[in-house]
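The values are calculated or read from the model by the stated rules, or taken from the named source; none is laboratory data. Note that the coordinates shown come from a computational prediction; the quantities given were computed from them, not determined experimentally. Every residue, glycine among them, receives a Cβ derived from its backbone with ideal geometry; neighbour counts consider all protein chains shown.
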Ligand code: FE
């Protein structure tokens, strides 16, 4: 066994990490590989695991000696891991957006980043430059015969699902107008209304915000076609990164934050750095009826949300006259100011994400909130067949410490009914990313399948793919990948067709 390999689940680990190990995971991806065979360092790849694991995230974090101000400003790079008959092949390519091509040619940043990256030359060079670069770095999903690299402030980029070649910005066969935003957080309805479909949205924000809710076919000859679309306007600025679905509702949480664009216009801050929490104001749950559901055509409903801030939801379902929504709540909006260096930030000052459940009573409008655990977590997921239904199990990335913020180093399986938990840890030198749950084919057991997770291995300064048994989080295989993939964002699984 390699000395650099991560600790198996059975090894006792200390609860410390080295900041340099964590920081080393923010590096440029220096090469693009095409269909390169990779082999497990230990364990075997389950034979029933057949398909593609696609993953998006910032892959270019520095140009000409200038580092991005925040990793979310890094250009999107797609990794594809193709599983077939216990063999695995890796490809990776940057999403060749127009801005990426221009900056590659220029050899420096020529666009400002939403999260504070500035062009060289200080505020004078950046003032009144309100252009932005679609960095296509947040999520990747397959729709019809195309792979879509998503970034919520603009349209999707279409890619070849095998070669990862970028076709270009897509309007989805005329569905999107030029420049129309398209969320990076689609949800996949597993079949509440017959076949599986993709439900997603776009937000145009301002003093009044408009949400466009869209549903797409994902199967058969009409895969990729729009099924339905509706628009609803709400008062106030909206920062809607994610949402949740039930058979009848699309559920949003409109965080209580405000946007002051002046420092952005004057070249002092990135647009996202102009967001701040709005004291004395409450967030709202917005429930929009789905066009396929029993409330189709009705007006949206609004309910008070708990204090704090939410990026990601786990799941939602309907229960008697209630809507239950599970989300990761932060006590406050985590700001990264223009003077802050994300690599040296004080972890103790960063709010920790807490998995909580809100039960919304549609009749009385009462909302009851309960916390599952005080342990900091992110990227919580369910068995995908349970989206919109009551899921008993969740898998998520967690910090090693029991309270407070820290980098994510372990994967937790949580029984949402009795709160029993299992943990697989990559600590002290490994750092986990979003876990993906792949159900075992033809199984109806909710926690039967695998968890795939990319782990930054601080020891060898590289990325490992770890395959865990979803039931008990026992490691089934660990594969050292031949590229270094920075701490990333979201990914998806596509079964072999
Ligand atoms: Fe996200």
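Exactly one residue out of 370, 344 is within 28 Å of residue 459 (Cα to Cα), over 22 Å from the mean Cα position of the chain (by Cα) and surrounded by fewer than 18 Cβ atoms within 10 Å (Cβ to Cβ), and it is 344. Taken over the stretch 163-219, the criterion of being surrounded by fewer than 17 Cβ atoms within 10 Å (Cβ to Cβ) and closer than 13 Å to residue 146 by Cβ is satisfied by 163, 165, 167, 168, 171, 173. Residues considered: 492, 422. Of these, the only one that is at pLDDT 95 or above, within 16 Å of the ligand (Cβ to nearest atom), outside any loop (DSSP other than H, G, I, E, B) and surrounded by fewer than 23 Cβ atoms within 10 Å (Cβ to Cβ) is 492.
Applying the criterion of being assigned to a strand (DSSP E or B), more than 13 Å from residue 250 (Cα to Cα) and out of contact with any strand residue (DSSP E or B) (no Cβ under 6 Å at 6 or more places or on another chain) to the residues of the stretch 311-344, the residue that is farthest from the ligand (Cβ to nearest atom) is 319. Taken as a whole, the condition of being surrounded by fewer than 22 Cβ atoms within 10 Å (Cβ to Cβ) and part of a strand (DSSP E or B) does not apply to residue 119. I want to confirm something. Restricting to the stretch 145-162 and keeping residues that are within 26 Å of residue 116 (Cβ to Cβ) and away from the ligand (no atom under 16 Å from the Cβ), which single residue is surrounded by the fewest Cβ atoms within 10 Å (Cβ to Cβ)? Per the criteria, the residue is 155. What's the number of the only condition in (1) in contact with a strand residue (DSSP E or B) (Cβ under 9 Å, 6 or more places away or on another chain); (2) more than 16 Å from the ligand (Cβ to nearest atom); (3) at negative phi; (4) in a loop (DSSP other than H, G, I, E, B) that residue 142 fails to meet? Looking at each condition in turn, residue 142 falls short on (4). Here residue 216 qualifies as away from the ligand (no atom under 16 Å from the Cβ), within 19 Å of residue 246 (Cα to Cα), modelled with pLDDT of 95 or more and under 23 Å from the mean Cα position of the chain (by Cα).
Scanning the stretch 302-310 for residues that are within 23 Å of residue 384 (Cα to Cα), within 16 Å of the ligand (Cβ to nearest atom) and touching a strand residue (DSSP E or B) at 6+ places or on another chain (Cβ under 8 Å) turns up at least one hit.
Scan the stretch 164-180 and tell me whether some residue there is assigned to a strand (DSSP E or B), within 19 Å of residue 100 (Cα to Cα), more than 16 Å from the ligand (Cβ to nearest atom) and free of Cβ contacts under 8 Å to residues at least 40 places away in the same chain. Yes; the residues of the stretch 164-180 include at least one that is assigned to a strand (DSSP E or B), within 19 Å of residue 100 (Cα to Cα), more than 16 Å from the ligand (Cβ to nearest atom) and free of Cβ contacts under 8 Å to residues at least 40 places away in the same chain.
The set of residues from the stretch 380-401 being surrounded by 23 or more Cβ atoms within 10 Å (Cβ to Cβ) and outside any loop (DSSP other than H, G, I, E, B) comprises 380, 394, 395, 396, 397, 398, 399. On inspection, residue 61 fails the criterion of being touching a residue at least 60 places away in the same chain (Cβ under 8 Å) and under 30 Å from residue 222 (Cα atoms). The condition of being more than 16 Å from the ligand (Cβ to nearest atom) and either part of a strand (DSSP E or B) or buried (at least 20 other Cβ atoms within 10 Å of the Cβ) (or both) holds for only one of 479, 483, that being 479.
The residues on offer are 329, 313, and the sole one that is surrounded by 20 or more Cβ atoms within 10 Å (Cβ to Cβ) and free of Cβ contacts under 8 Å to residues at least 60 places away in the same chain is 329.
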